[in-house]
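Heads up, the thing below is written out as structure tokens.
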Amino acid sequence: MAKHIVIHAGQHKTGSKSIQRYISDNTLFLRRHGLFPCPEWKTDLTQVQSVPKYNAAAIAHAMLRTDLLTPVRLKGRHEIMPRAACEAGIARVNAYLRAVPEDTAIVSAEAFSFMRTAQERALLDMLCDGMAMRSIIFLREPRAWRESWRVQVEYGQLIEQPGAEAGVGIFDFSETSWLTDHAAIRAFWGEQCTFLSYEDAVANHGSVIPAFLAAVGLDPAGCPPWDKIFLNSSARKLERMDKE
């Protein structure tokens with residue numbers, strides 16, 4: 001039974017999809033080393049998806065405060081769950097993870113990084129109940145992060161969706177944006193979190209994957225290769241926009 005749980009909480013625009021792709025490509029390797037990657041769940045948290053994927057966005061969105069319009073909520077996915085259904089779903093996921101034979105479960109979703117409230121913390125504690133929790137977050141230089149995030153939400157035409165409001169929520173690109181308030185992020189996740197520098201990870205290895213592997217207790221040198229996985233396309237989008 002899993003005795004530990006690792007929450008990989010993003011942030012967005014810090015190579016999370018590359019990490020999730022690596023997990024997907026190397027699930028058997030990770031399980032042989034005592035790490036169980038949590039698969040993607042249906043949005044109502046009734047069961048896991050039939051095709052294994054490893055972005056736990058449905059779990060994170062069930063726990064997020066209901067007034068936060070995230071990208072997937074703006075696109076009509078991950079509808080708000082009633083509190084009772086949410087708690088039942090989180091308890092279901094917890095029981096599933098505690099029953100796996102590996103020592104440690106890994107749950108990865110960028111949307112966890114949006115969490116700030118006491119209610120979200122209570123649901124996070126419910127998800128991790130009975131397991132010792134650790135978390136991993138990659139933090140990026142705020143100005144560069146905001147520009148990369150702005151490119152993503154504009155590229156996805158999210159500001160055109162019903163309910164979207166410039167300067168509010170995920171569209172806060174100001175220098176004092178809550179999205180890049182590292183102090184608030186550190187306060188929410190606390191001492192149980194390993195905070196990693198996105199810039200340092202990329203400078204050292206050209207990828208965040210080795211830093212992630214080290215954070216979950218593996219020697220990157222003994223793991224399957226990661227150098228062909230690069231799914232963060234924001235830099236290329238910026239290049240295209242500069243040429244237009």
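The values are calculated or read from the model by the stated rules, or taken from the named source; none is laboratory data. All of these numbers come straight from a predicted model, not from anything done at the bench. No Cβ is skipped: glycine too gets one built from the backbone with ideal geometry, and neighbour counts run over all protein chains shown. Calculation scope for accessible area: heavy atoms of the full protein, side chains included, ligands and nucleic acids excluded. Shrake-Rupley method; radii C 1.70, N 1.55, O 1.52, S 1.80 Å.
Structure values in brief
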quantity	calculated
Filter pass, Glu110 being surrounded by 14 or more Cβ atoms within 10 Å (Cβ to Cβ) and within 17 Å of the chain's Cα centre (by Cα)	yes
Verdict on Arg65 being surrounded by fewer than 21 Cβ atoms within 10 Å (Cβ to Cβ), of a type outside the set (Asp, Glu), within 15 Å of Glu110 (Cβ to Cβ) and out of contact with any strand residue (DSSP E or B) (no Cβ under 8 Å at 6 or more places or on another chain)	no
Verdict on Ala109 being without any contact (Cβ under 8 Å) to a residue 12 or more places away in the chain and out of contact with any Lys or Arg (no Cβ under 8 Å at 6 or more places or on another chain)	no
The listed residue being within 28 Å of Ala211 (Cα to Cα), part of a loop (DSSP other than H, G, I, E, B), touching a Lys or Arg at 6+ places or on another chain (Cβ under 7 Å) and at pLDDT 95 or above, out of Glu102, Glu120	Glu102
Residues within region 92-107 that are open to solvent by 60 Å² or more (accessible area, probe 1.4 Å) and polar (S, T, N, Q), tallied	0
Residues satisfying the stated conditions in region 124-140, i.e. under 18 Å from Gly10 (Cα atoms) and either of a type in the set (A, V, I, L, M, F, W, C) or in contact with an Asp or Glu (Cβ under 9 Å, 6 or more places away or on another chain) (or both)	Leu124, Leu127, Cys128, Met133, Ile136, Ile137, Phe138, Leu139, Arg140
Enumeration of residues in region 196-232 that are surrounded by 15 or more Cβ atoms within 10 Å (Cβ to Cβ), outside any helix (DSSP H, G or I), under 21 Å from the mean Cα position of the chain (by Cα) and not β-branched (Val, Ile, Thr)	Leu196, Ser197, Ser207, Leu218, Trp226, Phe230, Asn232
Subset of region 22-69 that is of a type in the set (Ser, Thr, Tyr) and part of a loop (DSSP other than H, G, I, E, B) - its residue that is farthest from Leu124 (Cα to Cα)	Ser50
Lone qualifier among Arg77, Arg73 - being of a type in the set (D, E, K, R), out of contact with any Ser or Thr (no Cβ under 8 Å at 6 or more places or on another chain), under 27 Å from Tyr198 (Cβ atoms) and free of Cβ contacts under 8 Å to residues at least 40 places away in the same chain	Arg73
Complete set of residues in region 118-131 that are touching a residue at least 40 places away in the same chain (Cβ under 8 Å) and either in contact with a helix residue (DSSP H, G or I) (Cβ under 8 Å, 6 or more places away or on another chain) or open to solvent by less than 50 Å² (accessible area, probe 1.4 Å) (or both)	Glu120, Arg121, Leu123, Leu124, Leu127, Cys128, Met131
Pairs where the first residue, in region 152-163, is more than 14 Å from Val72 (Cβ to Cβ) and the second is hydrophobic (A, V, I, L, M, F, W, C) and part of a loop (DSSP other than H, G, I, E, B), C-beta under 8 Å, 6+ apart	Ile159/Ala166
Single condition Gln152 does not satisfy, out of (1) among the polar types (S, T, N, Q); (2) over 20 Å from Lys17 (Cα atoms); (3) open to solvent by 30 Å² or more (accessible area, probe 1.4 Å)	(2)
Selection count where residues are open to solvent by less than 10 Å² (accessible area, probe 1.4 Å), aromatic (Phe, Trp, Tyr) and closer than 28 Å to Glu87 by Cβ, scope region 1-40	0
